[in-house]
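Each reported figure results from applying straightforward, stated rules to the coordinates on display, with no laboratory input. Please read these numbers as outputs of a predicted model, since none were measured by experiment. Cβ placement follows ideal geometry from the backbone for every residue including glycine, while neighbour counts extend to all protein chains displayed.
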Amino acid sequence: MQPIQTLDDFFTRSGTDVALYHMGRRVTPCARETLAAFERSSTPWPEPWQGQARLAAIFRLDNMPEPAIWFLSLPLDEQGYLAPAPRDAFLRRLLETLGHSQSAHHDGSTIEHLMHDNPLAFTPDVTFQAVLNARATQGAGLPPSQYLAAVEAFFDGRHGDWEALGLQGIADYVIRMEDARQPPLAKMLHTLPAPMLRSLCHCLEHRPLAAALVDELCQRGESAAADGDMETFCACIRAVGSSDDARAGVWYATLLADEAACGPDTLAAIAGRGWPLLEDGERLPLFLTRLAQDPRTGFATVVRDLALIPRLRLPVITLLRDAPEGSRLKARLLALTP
């Protein structure tokens, strides 16, 4: 029998049903085939974040009463492929730990202990955790959290105390939201207090949105910018980033065309959550130009992160290579050369 060499091997050979989720740029389901191909070095990681493949694995092994959750941050090489040594070290520790406790039947304690002081482990922020819980329960056919009812009552107009709503309930509402609920929600956006809107936006950024909701988020974002509320403005930018509706792309193009609107926070929101909308022949070069024009943007870090995204890698590299002499973009590149 071949030795276990990958995480996918481990899940297959242990007979474990595992649910995988991307945990880097957004919380979305990750196919087993994606992990398997990545570990074989057949493909780069599709949604890298800060040079890492961030992944949640939810599974139950042997007699575990509750599923285990691993949050793993696998380092990438400069082309977005797996840097295997840290993964291999984790697998060795995993197999040694389970081998030493075979007679005890794994009840979860050995798996949990494995993640203590693990250099690959990370703790997602509270919104990512809430969205993951919402996606995982829905994916497993389990009921949502007890907090969903209050959120549904609020958005149905039956309950008006937004401060009493929990983040988990908002995440459950967003992830389970049917398309028919999006237009009514859109009509409510202008009435939501800014803190409530921001919490909603931070959950909406993990799923594509219908045209009506995208349009209202763009309008609310513009209103927030006019009021100087940059936190809400950026939350709206992030919220529409996963949507392929044309209005989102038009708004991004409008923002990028306005040098005054493109501060570091705006550009970070676009790069972090709106990267699919940068796969465009006009928006990407304008984004890189704005990034180069502002010395506060962390130019090298953002460019390196975008270049690890498979669909953006070649366009980014091409634009950097062909930057005109005398341009700010060329100057920033030359400044990085030793």
> What number, rounded to the nearest 500 deg cm²/dmol, is the helix-based mean residue ellipticity at 222 nm of the chain, given -39500 (n - 2.57) per DSSP H run of at least four residues and division by all its residues?
Replying inline: -15500 deg cm²/dmol
> Which ordering of His190, His22, His159 is given by a fewest-first count of other beta-carbon atoms within 10 Å?
Replying inline: His190, His159, His22
>> Please state the shape class of the stretch 177-336: rounded when a/c is under 1.5, otherwise prolate if a/b exceeds b/c and oblate if not, all from the C-alpha gyration tensor.
In response: prolate
>> Need the C-alpha centroid separation for the stretch 203-255 versus the stretch 53-94, integer Å.
In response: 33
> Under 5 Å between amide H atoms, partner at least 5 residues away or on a different chain: which partners does Val27 have, H built in plane at 1.01 Å?
Replying inline: none
> How large is ³J(HN,Hα), in whole Hz, for each residue of the stretch 17-31 in order, when computed from phi with the Karplus curve 6.51 cos²θ - 1.76 cosθ + 1.60 and θ = phi - 60°, using x for Gly and Pro?
Replying inline: 7, 10, 10, 10, 9, 5, 9, x, 8, 6, 9, 9, x, 10, 5
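Could you state the orientation-averaged shadow area of the convex hull built on the Cα atoms of the chain, in nm² to one decimal?
Its Cα hull, projected and averaged over all orientations, spans 19.4 nm².
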> If we count other beta carbons within 10 Å of each Cβ, what is the order of Arg238, Arg176, fewest first?
Replying inline: Arg176, Arg238
> Going by how many other Cβ atoms sit within 10 Å of their own, how do Lys330, Lys187 line up, fewest first?
Replying inline: Lys187, Lys330
> When the chain is modelled as a GNM with alpha-carbon springs shorter than 10 Å, which of Ala180, Ala212, Ala257 fluctuates the most?
Replying inline: Ala180
> So how do 44-56, 9-21 stack up, highest first, on mean other-Cβ count within 10 Å?
Replying inline: 44-56, 9-21
>> Once each part is reduced to its C-alpha centroid, what is the distance from the stretch 316-333 to the stretch 277-292 in angstrom?
In response: 12
